[in-house]
Amino acid sequence: MQILGLVLASTGSVSREKQGSPVFFRGKRLLDMYFSEPETEIRQVAEELKITPNHLNKLFRRYLGTTPQLYLQNRRLQHAETLLKETEKSIKEIALLSGFSDAAYFIRCFRKKNDITPGRFRLLDLKNT
């Protein structure tokens with residue numbers, strides 16, 4: 001994504017504002033790298049970037065239209081969906097591997113996003129294959 005921004009910028013097709021902030025891209029990259037670690041916190045990412053959590057929040061809202069916390073949660077849920085489809089690991093194992101320290105919280109988040117429990121999601125996916 002960063003490379004695309006640089007290419008488009010060099011052709012003059014994208015304004016500097018639309019290219020994105022290097023700090024934003026570093027923050028997003030950190031969240032993408034460490035999403036599976038339950039102890040990953042937005043505060044730590046902001047400290048690593050030498051900005052405030054509020055500034056990181058503003059950058060994510062500007063470039064993705066969401067908060068870093070919601071981005072992190074959705075990244076974890078995407079990974080969980082992949083694991084549900086591709087492995088036979090238990091729901092608790094998938095929760096932990098996806099960065100959720102509490103399986104019950106994982107199930108609530110998954111249900112809220114997908115309107116279905118992780119177990120039911122897996123069953124429906126098996127029927128469709």
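Any read-out appearing in this document is the output of simple, stated calculations on the displayed coordinates, not a laboratory observation. Since we're looking at a predicted model, the values are computed, not measured. Don't worry about glycine lacking a Cβ; one is built from the backbone with ideal geometry, like all the others, and counts go over all protein chains shown.
Odds and ends about this structure:
- By the rule of a C-alpha distance below 21 Å, with chain neighbours fewer than 8 residues away ignored, the lysines paired with K92 are K112, K113.
- Cα-based reach from K50 at 17 Å (exclusive), listing aspartates and glutamates while leaving out same-chain residues under 8 positions away: E41
- Whole-Å distance, taken between Cα centres, linking segment 23-39 and segment 56-82: 10
- Relative protection proxy for 119-127, 94-102, from highest mean packing down: 94-102, 119-127 (other beta-carbon atoms within 10 angstrom).
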